Amino acid sequence: MIAGLNVKFNIGKFSKRTSLFNQGMMPLLYSERQGKWLRCGNDISYVQTRRKTLDDKNSYILTFTHQFEFSNDKCYFAYSYPYTYSDLQDDLLSLQLDTLKSKVVRRSLLCRTLAGNRCDILTITERASSLADLQSRQGVVISARVHPGETSASWICKGIIEFLTSDCDSAIALRRAFVFKVIPMLNPDGVVNGNYRTSLAGVDLNRRWNNPHKVNHPTIYNTKMLLKRFQKARDIVVSCDIHGHSRREGLFMYGCSDIVSCRKQKLSSYIIPDIFASKCLFFNKESCTFRVQVRR
């Protein structure tokens with residue numbers, strides 16, 4: 001590496017028609033000399049190429065230039081701020097070793113992945129005064145990172161866990177009213193192997209919820225079994241799967257109530273987005289949708 005060297009990068013075979021890179025988003029660079037991740041890049045563009053993909057679909061290419069600042073430096077580029085499987089394991093271990101937080105959170109093994117990695121699940125709730133008190137609490141299920149490349153999902157889930165296990169009055173009140181089941185990383189194998197969307201089996205696990213295979217899609221299969229058991233034990237009021245998005249800005253939600261006759265269920269899908277919109281400046285209610293449809 002030579003200080004002042006200007007390099008043009010072309011990264012191809014993207015399949016999405018548009019990208020946030022055309023709306024001001026920049027790649028990330030980690031320089032060992034600087035010791036931190038920083039946004040970088042000039043002349044950034046995301047355009048369609050003349051070549052088609054193997055299945056005859058349009059192909060797109062990301063282009064940007066970067067001028068290296070230091071000589072004899074080692075640099076890494078990333079699509080978004082990394083959050084690795086090792087980061088998660090370190091965070092979960094810290095929870096277990098924290099004398100106060102360990103009183104309200106229990107870490108369990110949901111299952112092992114195809115590669116033998118852990119898929120962890122956290123149970124977060126306040127200690128109950130009686131069995132009746134515990135049984136009266138409603139359930140909330142939160143999951144994240146079914147798509148490995150959507151690292152923002154892990155950072156959001158990390159913040160949720162930190163809040164729910166804190167000594168904040170609101171967090172204590174929530175723990176007294178609910179039992180939270182949190183699955184922070186639904187696709188550990190994809191994260192470890194650097195996949196953007198797929199698992200080690202080469203499939204999009206978010207398209208396997210209807211009929212997951214016990215061996216090929218263990219995290220989805222076992223999450224579905226967990227949901228069925230949890231639903232028998234208590235009323236589940238919220239189930240939220242956290243994602244990232246490559247084409248839309250801000251925060252928004254997709255609901256999946258598509259039964260016209262179930263008006264009460266359909267209306268309940270709007271409650272949480274309405275609350276977010278009133279509390280968070282970055283929440284984009286116009287980007288929310290509540291129809292079941294194919295995402296491209």
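Brief remarks on what is shown
- Test for G202: is it in a loop (DSSP other than H, G, I, E, B) and surrounded by fewer than 16 Cβ atoms within 10 Å (Cβ to Cβ): yes
- Condition check for F77: closer than 30 Å to L5 by Cβ, free of Cβ contacts under 8 Å to residues at least 60 places away in the same chain and of a type in the set (F, W, Y): no
- Counting the residues of the stretch 127-146 that are out of contact with any strand residue (DSSP E or B) (no Cβ under 7 Å at 6 or more places or on another chain) and buried (at least 22 other Cβ atoms within 10 Å of the Cβ) gives 1.
Read the figures in this text as sums done on the coordinates, not as results from a lab. Note that the structure is a prediction, hence the values are computed from the model and not measured. So basically every Cβ, Gly included, is an ideal-geometry build from the backbone, and we count neighbours across all protein chains shown.
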